[in-house]
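*Asks:* The structure's right below; bear with me while I get my questions together.
The values are calculated or read from the model by the stated rules, or taken from the named source; none is laboratory data. Every value quoted in this text rests on a predicted model; they were computed, and no experiment measured them. For neighbour counting, all protein chains shown are included, and Cβ atoms are generated from backbone atoms with ideal geometry for every residue, glycine included. The accessibility values were calculated without ligands, DNA or RNA, using every heavy atom of the protein model including side chains. Shrake-Rupley method; radii C 1.70, N 1.55, O 1.52, S 1.80 Å.
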Amino acid sequence: MCVTAVIGAQWGDEGKGKLAHILSLDHDIILRYQGGSNAGHTVKTAGNTHKFSLVPSGVLRSDRTCVLCDGVVVNVVTLADEVSRLRGSGHLLGDLFISRHAHLVLPFHCTQDAYFEEAKGKGAIGTTRRGIGPAYADKYFRVGLRAGDMLRPDYGDMVKALAERKNVLFKGYYNQPEIDPDKVWAEVEPTVEVLAPLVTDTISLIRTAVRDKKTILCEGAQGVLLDIDYGTYPYVTSSHPVSGGATLGTGLSWRDFDRVMGVTKAYCTRVGAGPFPTEDFGEDGDRMRDAGAEYGTVTGRPRRCGWLDLVLLRYAAELSGFTELALTKTDVLDSFEELKVCVAYEFDGKRLDWPDLDPDVLSRSKPIYETLPGWNKDTTAIRSEGQFPAAFMDYVKFIEDYVKTPVSIISVGADEDATIIRGANG
Ligand code: IMP
């Protein structure tokens, strides 16, 4: 096996960070291919909790090479801070590189994100306000700055010139105070010393690694349902979490991939606005939020919670070509007597087996549920497949049969060892 992708199969927060950390044990190189500091992942290792936003989980392992590839948008202030913190605590064990093509998120992109959200009022997307949309917009507008620009002697002038351009927009369009380009540069300048030495030609690095049969792990951020083209537009992020993003954003080709793992919770969550057919506004949703500590890693916002939506999971699986599923946070359902799973929708009196992600349609698509018996047992100490109650395995089988994809990993808690790799540990 050479190249594996770990992809969010829902609206993000599926537990990809933990999975990527575990899989990084068997991979030489760990890549991030899209998104930026809107992502947040938590990895618990013996006695330590690590929260990352930009660096791939693999940096916690020595002899690993971690790369922020072409499709990522790099917030220079956040990344410099993460790198310095990890170095300070002795946890930056692997090598870290940044593609010279990766676009930069500069402080005014975050300001623009906030102005834009405020201007939208009730129609706001509920972004993380991490400047993601504005940075990708500058990229496609072909005015953005790239990591390679940090190596140029006139980088400071380029940052200040882009800040001036933003002022035209901030003042004229958003009717907001201007920013001081010199102050922006004062914040950005110290990051150059930390980040510029990490900038390189990562396409060449990756192609050489493939030729040398090195093992590569692509760590996705967000989830397929937040994809700019395949998600619930406009309630999406501005990049491609779908598996195709892992080719567009890295220099890998589709022929290089052997394994595409979709990561899904045993239920559903969503942060921010947008349709969510199985959202539960009652006691069950509250129980999931409490048991699953469903609050955003980046923003601390409470997550919306609801039952597993197999219609959307199959959509994500087919679009990304999942070869397997990892089922996470199953322990959150431990105390439920009965479990509902959405197997189709009713829309305008008709049954839909395939979703229409247009927000107008999806928000009016009523879930048709099947009810399965809960296992009603604490599963957090289980470490091998044979120990699971029969009702638990029936729930897993129901998902596999519907999505036509095997569940290869089950996660029953946040710790690294609370992970059952099927076929491997019994
Ligand atoms: P943005 O990516 O900050 O522009 O936010 C766009 C939408 O994606 C919002 O609904 C966010 O809540 C959501 N989003 C962005 N990143 C994540 C994530 O890592 N997990 C969950 N939702 C996210």
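*Asks:* Pull out the extension gain between Ser335 and Tyr140, defined as 0.36 nm times the separation in residues minus the alpha carbon to alpha carbon distance; nm, one decimal.
*Replies:* Full-extension gain reported as 65.4 nm.
*Asks:* Can you compute the modelled spin-label distance between Asp63 and Lys404, with each label point 7 Å from Cα toward Cβ, in nm?
*Replies:* 4.1 nm
*Asks:* May I pose another question? Kindly write out, for region 300-309 in residue order, the coupling ³J(HN,Hα) from the Karplus curve 6.51 cos²θ - 1.76 cosθ + 1.60 (θ = phi - 60°), rounded to whole Hz, with x marking Gly and Pro.
*Replies:* 3J(HN,Hα) across region 300-309, in whole Hz: x, 5, x, 8, 6, 10, x, 6, 5, 10.
*Asks:* As I understand it, the value is the acute angle between the Cα axis of helix 132-141 and the longest principal axis of the Cα atoms of the chain; what does it come to in degrees, rounded to 10?
*Replies:* Between the helix axis and the principal axis of the chain, the angle is about 60 degrees.
*Asks:* Based solely on its DSSP helices, what 222 nm [θ] is calculated for the chain when runs of n ≥ 4 H residues each add -39,500 (n - 2.57) and the sum is averaged over all residues, nearest 500 deg cm²/dmol?
*Replies:* Computed mean residue ellipticity for the chain: -9000 deg cm²/dmol.
*Asks:* Now, a different point. Any number yet on Rg/Rh for region 107-232, C-alpha, Kirkwood?
*Replies:* Looking at region 107-232, the ratio lands at 1.03.
*Asks:* Report in % the part of the accessible area of the chain that belongs to carbon and sulfur, leaving out ligands and nucleic acids; probe 1.4 Å.
*Replies:* With neighbouring chains kept in place, the figure for the chain is 50 percent.
*Asks:* Counting only Cα atoms, I'd like the Rg/Rh figure for region 386-426, Kirkwood definition for Rh.
*Replies:* 0.97
*Asks:* Let me ask something additional. Which angle from 0 to 90°, rounded to the nearest 10, does the C-alpha axis of helix 155-172 make with the longest principal axis of the chain?
*Replies:* 70 degrees
*Asks:* Sticking with this one: Of the residues Gly144, Gly282, Gly40, which exhibits the maximal mean-square fluctuation in a Gaussian network model of the chain defined by a 10 Å Cα contact cut-off?
*Replies:* Evaluated over the chain, the most mobile residue of the options is Gly282.
*Asks:* Mind telling me which of Ala273, Ala119, Ala135 comes out most flexible in a GNM of the chain, alpha-carbon contacts under 10 Å?
*Replies:* Result for the chain, Cα springs under 10 Å: Ala119 fluctuates most.
*Asks:* So what's the gap between the Cα centers of region 295-346 and region 77-149, to the nearest angstrom?
*Replies:* Computed from Cα coordinates, the inter-centre distance equals 28 Å.
*Asks:* In terms of Cα to Cα distance under 16 Å, which lysines are near enough to Lys166, apart from those fewer than 8 places away along the same chain?
*Replies:* Lys139, Lys183
*Asks:* Treat every Asp and Glu Cβ in region 264-421 as -1 and every Lys and Arg Cβ as +1, leave all other atoms uncharged, and give the resulting dipole magnitude about the Cα centre to the nearest 20 debye.
*Replies:* 260 debye
*Asks:* Moving on to the next point. Of Leu339, Phe281, Gly413, whose Cα points farthest to the positive end of the dipole of region 264-421 (charges on the beta-carbon: +1 Lys, Arg; -1 Asp, Glu; origin at the Cα centre)?
*Replies:* Of the candidates, Phe281 comes out farthest on the positive side.
*Asks:* Still on this structure, I have one more. Explain nothing, just the number: dipole magnitude of region 104-194 about its Cα centre with +1 on each Lys and Arg Cβ and -1 on each Asp and Glu Cβ, in debye rounded to the nearest 20.
*Replies:* With Lys and Arg at +1 and Asp and Glu at -1, about 480 debye.
*Asks:* In the chain, if the dipole is taken from +1 on Lys/Arg beta carbons and -1 on Asp/Glu beta carbons about the Cα centre, which of Trp185, Val311, Thr4 is farthest to the positive end?
*Replies:* Looking along the dipole axis, the top candidate is Trp185.
*Asks:* While we're here: More than 14 angstrom separation, counting every C-alpha pair in region 91-171; what % is that?
*Replies:* Tail fraction, whole percent: 67.
*Asks:* Hey, another quick one. Place a +1 charge on the Cβ of each Lys and Arg in the chain and a -1 charge on the Cβ of each Asp and Glu, then give the dipole magnitude about the Cα centre in debye, rounded to the nearest 20.
*Replies:* For this selection, approximately 640 debye.
*Asks:* Enumerate the residues in region 264-288 having an amide nitrogen under 17 Å from the point lying 7 Å beyond the Cα of Glu346 toward its Cβ.
*Replies:* 277-279, by backbone N distance to the label point.
*Asks:* Tell me, what is a quarter of the convex hull surface for the C-alpha atoms of the chain, in nm² with one decimal?
*Replies:* The number I arrive at for the chain is 20.4 nm².
*Asks:* Please list, in chain and number order, the residues 5+ apart from Cys66 or on another chain whose amide H is under 5 Å from its amide H, with Hs placed from the backbone.
*Replies:* Ile30, Asp95, Leu96, Phe97
*Asks:* Right, next: Can you give me the accessible area per residue for the chain, using a 1.4 Å probe, in Å²?
*Replies:* Ligands and nucleic acids excluded, the figure is 41 Å² per residue.
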